[in-house]
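Asks: Let me begin by handing over the structure; questions about it come next.
The values are calculated or read from the model by the stated rules, or taken from the named source; none is laboratory data. Because the structure is a prediction, the values reported are computed rather than measured. Here Cβ is always computed from backbone atoms with ideal geometry, including for glycine, and neighbour counts include all displayed protein chains.
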């Protein structure tokens with residue numbers, strides 16, 4: 001049975017893989033893409049299949065991807081390879097990379113190093129650095145296998161892991177480099193927490209900064225349109241709303257002072273307004289405060305403070321399901337977020353934490369704590385937690401049950 005990397009796939013499906021294409025594709029392809037983003041895979045496939053059969057390499061690639069990971073269709077490596085190859089033969093560099101990975105991994109086709117190198121080289125010739133790296137890794141792995149004699153099962157696991165992680169990170173990085181803000185958020189998050197990537201504060205800060213710059217550019221555009229004609233009425237309304245705690249107004253006032261729309265430029269006042277919105281939990285403002293903290297615009301330059309605001313912002317932008325799944329992979333920061341949410345009384349976080357303690361996933365196995373978290377989640381109506389609680393109780397001793405009930409009675413949510 002194929003092993004899929006949960007975290008990267010969640011990032012893929014919620015992350016709008018390749019969303020940059022939506023700006024350039026039209027008609028049936030665009031409609032198919034819109035359906036895909038909404039996870040209406042059936043409609044996406046119905047719209048893309050005729051295009052793919054007529055030779056549209058974009059549709060061919062995405063049909064391959066859907067079959068590869070089982071999005072709306074049965075997971076089928078052979079079918080995935082068929083569509084990938086059709087797109088690759090037309091010169092689609094991303095498809096060439098994926099065909100190389102399939103041959104490298106022996107999925108959907110017989111494992112063939114020479115064929116893998118052939119497709120990797122075609123992708124590399126079009127600028128895919130990862131394809132060049134894969135050629136080197138493939139050669140190095142062959143040497144290592146000859147010297148060490150890997151078991152067949154180990155080789156398969158390594159190939160599956162390489163296929164999923166490399167592919168996901170490559171697509172994610174491509175999208176981030178093309179300006180997809182969601183991809184930049186996720187990539188910063190992964191490097192920040194060391195989730196399926198080496199922990200790298202500099203890369204995390206880079207992607208967070210780029211995402212923050214997009215937030216600021218978007219706000220600037222909105223405020224520029226809003227204040228055309230030097231409209232003092234707009235200023236009066238925004239100040240009133242801002243003073244009454246309306247975060248959107250506070251952000252707009254921040255931009256007005258930062259860029260000198262209607263009012264004189266004043267970085268300190270801009271920072272004050274942005275921070276008021278950020279402290280209310282507005283993720284756009286949090287990204288911007290992170291950016292101005294990093295640059296020292298109207299506020300003390302402080303890289304640590306910038307990262308703190310970036311992290312607060314990205315927690316809101318990254319789906320909680322993704323963070324909770326990262327926690328199960330023993331990613332410390334994600335586990336911290338999950339635990340914090342559970343302690344605040346969020347039922348889905350409690351359910352996830354119960355699961356982790358029940359099976360020792362990311363934390364030491366502990367039936368007492370598993371029971372407590374399932375029970376707390378179930379009391380809020382989480383049916384999954386209730387079901388797991390019933391199963392767990394059959395595995396617990398009377399002493400464990402008594403202890404779990406005592407711990408549960410004494411539990412209080414943290415503010």
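Asks: Here is a check on your reading of the model: is residue 44 assigned to a helix (DSSP H, G or I), more than 17 Å from residue 119 (Cα to Cα) and in contact (Cβ under 8 Å) with a residue 24 or more places away in the chain?
Replies: Numbers: assigned to a helix (DSSP H, G or I): yes; more than 17 Å from residue 119 (Cα to Cα): yes; in contact (Cβ under 8 Å) with a residue 24 or more places away in the chain: yes.
Answer is yes for this residue.
Asks: Continuing with this model, one more query. So, in region 102-122, of the ones that are under 23 Å from residue 175 (Cβ atoms) and at pLDDT 85 or above, which residue ends up surrounded by the fewest Cβ atoms within 10 Å (Cβ to Cβ)? Explain how you work it out, then say what you get.
Replies: In the first step, residues of region 102-122 are kept if they are under 23 Å from residue 175 (Cβ atoms); the result is 102, 104-105, 119-120, 122.
From what is left, the residues that are at pLDDT 85 or above are 102, 119-120, 122.
On the way: 102: 27, 119: 25, 120: 27, 122: 21.
Here the answer is 122.
Asks: Continuing with this model, one more query. Please specify each residue of region 384-396 satisfying the condition of being assigned to a helix (DSSP H, G or I), touching a helix residue (DSSP H, G or I) at 6+ places or on another chain (Cβ under 7 Å) and surrounded by fewer than 21 Cβ atoms within 10 Å (Cβ to Cβ).
Replies: First, the residues of region 384-396 that are assigned to a helix (DSSP H, G or I): 384-393.
Those left that are additionally touching a helix residue (DSSP H, G or I) at 6+ places or on another chain (Cβ under 7 Å): 384-386, 388-389, 392-393.
Once the filter is applied, which keeps residues that are assigned to a helix (DSSP H, G or I), touching a helix residue (DSSP H, G or I) at 6+ places or on another chain (Cβ under 7 Å) and surrounded by fewer than 21 Cβ atoms within 10 Å (Cβ to Cβ), region 384-396 yields 384, 386, 393.
Asks: Out of the residues in region 73-96 that are within 23 Å of the chain's Cα centre (by Cα) and at pLDDT below 85, which is nearest to residue 28 (Cα to Cα)?
Replies: 94
Asks: Here is a follow-up. Can you find even one residue in region 309-319 that is farther than 21 Å from residue 218 by Cα, modelled with pLDDT under 85, surrounded by fewer than 23 Cβ atoms within 10 Å (Cβ to Cβ) and in contact with a helix residue (DSSP H, G or I) (Cβ under 9 Å, 6 or more places away or on another chain)? Step through it out loud before you land on a result.
Replies: Going residue by residue through region 309-319, those that are farther than 21 Å from residue 218 by Cα are 319.
Checking the rest, the ones that are also modelled with pLDDT under 85 come to 319.
This time we only want the ones that are surrounded by fewer than 23 Cβ atoms within 10 Å (Cβ to Cβ), so: 319.
Narrowing further to those that are in contact with a helix residue (DSSP H, G or I) (Cβ under 9 Å, 6 or more places away or on another chain): 319.
Yes, the conditions are met somewhere in region 309-319.
Asks: Would you pick out the residues in region 364-383 that are assigned to a helix (DSSP H, G or I) and in contact with a helix residue (DSSP H, G or I) (Cβ under 6 Å, 6 or more places away or on another chain)?
Replies: Looking only at region 364-383, we keep the residues that are assigned to a helix (DSSP H, G or I), and these are 367-379, 383.
Result: 367, 368, 369, 370, 371, 372, 373, 374, 375, 376, 377, 378.
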